[in-house]
Amino acid sequence: MAKSIISEGKTTNEAIENGLKQLKASKKMVNIKILENEEKRSFFSILSPRVVKVELTLKEENPEKEVKLKKEIVLSQEEQDFAAENIIKFMEELKNRLPEDTKYNIEKTEKYIIVKLNSKELGFLIGYRGETLYAMQSILSAVAGKGIQNKVRVLLDIEGYKAKREKTLEDLAEKVAKTVIKTKKPVKLEPMQAYERKIIHSKLQQNSKVETNSVGEEPYRRIIVSLKNN
């Protein structure tokens, strides 16, 4: 059953604001019903203190809007082997256009295929903040899934970029959290990949003073770090 409270104030707005503070909610999160309006006062109550009563009820989440959990795809050993072969064929052809010392490694799992590329001169395949890397990862996923009924997910890493980027993002999260706590003002970060936003969310999840929210549409979706309303 949805939570309801009755709140009072000298005006309708004051009564609503008092109720929102009690519920720790915004106007969008509640249904408002005015029980006693300051304008509807009888002759006999005119000398009494003006009191407005409103009922605030938290809205129930619409089941239709609940995010459905994606069914986890499990690759059979045959599918893993087939996907790996597809990737090997692609990588052998690609190697001819990469630095001579380029090496790659493929790891097969039930959930995804991991591909690691190593060389001292592969920065151009990473791109600005990994944009080229993620584009190539999508291409490899399409290549790996050719001839396979299940969707194959490929995780690509180049020169250990993802581990380095994860450390950079975790450091950024801590720095921004300190800034928000000090200034008491929210900070909006630059647009990031979903994978990178997840790192920021995870890093600050246990922080008792700040919270994170994602806003905007892909590919411009970004994180806002703000103080918690305790």
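Rule-based calculations on the coordinates, nothing more; no lab input. This structure is a prediction, so every number in the text was calculated from the model and none was measured. Heads up, the Cβs are rebuilt from the backbone with ideal geometry, glycines too, and the neighbour counts pull from every protein chain shown.
List of remarks:
- Pairs exceeding 23 Å between alpha-carbon atoms, taken from Lys59/Lys203; Lys116/Lys151; Lys103/Lys198; Lys89/Lys116: Lys59/Lys203; Lys103/Lys198.
- Loop-exposed GluC sites (Glu not before Pro) per DSSP, neighbour cap 16 Cβ within 10 angstrom, longest uninterrupted part of the chain: 122-216
- Loop-located trypsin sites (Lys or Arg not before Pro) across the stretch 140-172 with a Cβ neighbour count of 15 or fewer within 10 Å are Lys146, Lys151, with loop assigned by DSSP.
- Reported label for calculated Cα extents along the principal axes in Å given (1) 55, 47, 30; (2) 50, 39, 32; (3) 94, 42, 25: (3)
- The chain - percent relative contact order, Cα under 8 Å, separation 6 or more: 13 percent
- Among the listed pairs Lys3/Lys184; Lys27/Lys53; Lys111/Lys178; Lys3/Lys33; Lys28/Lys184, those beyond 25 Å (Cα-Cα): Lys3/Lys184; Lys111/Lys178
- Distance between the stretch 167-203 and the stretch 114-160 - C-alpha centres, whole angstrom: 25 Å
- FRET efficiency for the Lys28 to Glu190 pair, using the beta carbon distance and R₀ = 45 Å, is estimated at 0.95.
- Diffusion constant of the stretch 77-159 at 10 °C, which comes from Stokes-Einstein with the Kirkwood Cα-pair radius and 1.306 mPa s, µm²/s: 123 µm²/s
- Loop-located trypsin sites (Lys or Arg not before Pro) in the stretch 200-230, at most 16 other Cβ atoms within 10 Å (DSSP): Lys209, Arg221, Lys228
- For the stretch 163-227, the Cα-based Rg and Dmax, in that order, read 11.0, 31 Å.
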